[in-house]
Ligand code: V47
């Protein structure tokens, strides 16, 4: 492929072609709007194809948000509720198990579990959710509780994060989702979620998890009050931890959705900003194998386009998503497997169903509740 390269991008192109690591200033230049998006995208695509070939990964998954009651008041969140509000809820065991059965019936391999920090629920309540689901449906991988929830459990229990994680592992925890990272830089973090685990806590929780053999994901919430400096800083802090542990599987850039939030006056990032962030992430995070374009949040069209700007994953078929839909997402609540595969093929990529740990999922028959795990998907990384 012949690349078009803006003259100022030439040194970065040379580094990318040589498989060399990019630095902070490179990140700032990639975010500079005078550099055409397509030039950045082409470089990101080069890395994407080097690492993941022509494949685009998806999974069959469901979400479970057991409660929306939350002690925190992050101003970007439309999902949280006060206990006394009409919209508040906390699910009981029967409702939770029904979701497990529905997941199995629909061939899900993963349940993504996150929720609010309910001040009247103890750690046991959260632990029990993992336990009852795993006992009843052991075939479903439970990707549960963000670093922020884990930090809350640590605070409630007055025990170490390693102990908390061991308890969760004992009852069936599979891995950690990437939420709660928001923007690490305190200039922004203190304005959007001042009470939440700070950057070093969030990173330390993932460090401990990786040390216990638990894989996790990582995210960045962008398009609010931050600028390119804060985003590059965020990405490089993730890269630094990944150098140390290698435990992150995928990075998910999360575009801010303003509706019904305390930042409703801020416009939603444009598709151009979304694609640039996907591309810059692919280029800076040379040690994270996968970049996920979460279709629920980006919209289907942008998530498809992102497959040519560095992303190699599109998330799952999804059901029961609340966090983005409460904040104004206009995407459907679910995609069928046929639609998912068609959208990936339309984007010029080969659809590959994966499980949460990036192993290929093999379905031999037409019965969707039957599947088995195939080979691990290996991705050659610059730093490997
Ligand atoms: O932590 C909340 C973000 C995250 C809004 O690990 C918002 O595979 C934009 O982490 N606008 C939860 N973003 C979602 C998340 C996630 C999603 C998909 C896959 C994975 C994974 C993780 O969503 C929160 C916060 O950063 N968020 N409200 C909002 N209004």
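Read-outs throughout are calculated quantities, based only on the coordinates presented, and are distinct from any laboratory measurement. Note that the structure is a prediction, hence the values are computed from the model and not measured. Glycine gets a Cβ as well: all are built from the backbone with ideal geometry, and neighbour counts include every protein chain shown.
Things to note:
- Overall shape of region 46-376 was characterised from the C-alpha gyration tensor. The equivalent ellipsoid obtained from it has semi-axes of 26, 25, 20 Å, in decreasing order.
- Potential lengthening between residue 93 and residue 106 on full extension [0.36 nm per residue; Cα-Cα distance subtracted]: 2.7 nm
- GNM flexibility winner over the chain from 268, 158, 122 (Cα, springs under 10 Å): 158
- Rough spin-label spacing in nm, given labels placed 7 Å along Cα→Cβ, for residue 38 and residue 21: 3.3 nm
- With a Förster radius of 22 Å applied to the C-beta separation of residue 227 and residue 200, the computed FRET efficiency comes to 0.50.
- Whole-number percent relative contact order across the chain, with pairs defined as alpha carbons under 8 Å at least 6 apart: 22 percent
- Value of [θ]222 nm, deg cm²/dmol, for the chain, DSSP H segments ≥ 4, -39500 (n - 2.57) each, nearest 500: -12500 deg cm²/dmol
- Summarising the strand pairing of the chain, around 15 percent of its internal DSSP beta bridges are antiparallel.
- Extended-chain gain in nm, criterion 0.36 nm per residue less alpha-carbon gap, residue 345 and residue 8: 117.9 nm
- Extension gain for residue 136-residue 270 works out to 44.0 nm (0.36 nm per residue, less the C-alpha to C-alpha distance).
- Sorting the segments 239-250, 306-317 by their mean number of nearby beta carbons within 10 angstrom, highest to lowest, gives 306-317, 239-250.
- Theoretical FRET efficiency, 1/(1+(r/R0)^6), r = Cβ-Cβ of residue 28 and residue 50, R0 25 Å, to 0.05: 0.60
- Cβ-derived FRET efficiency at R0 51 Å, residue 125 paired with residue 370, nearest 0.05: 0.95
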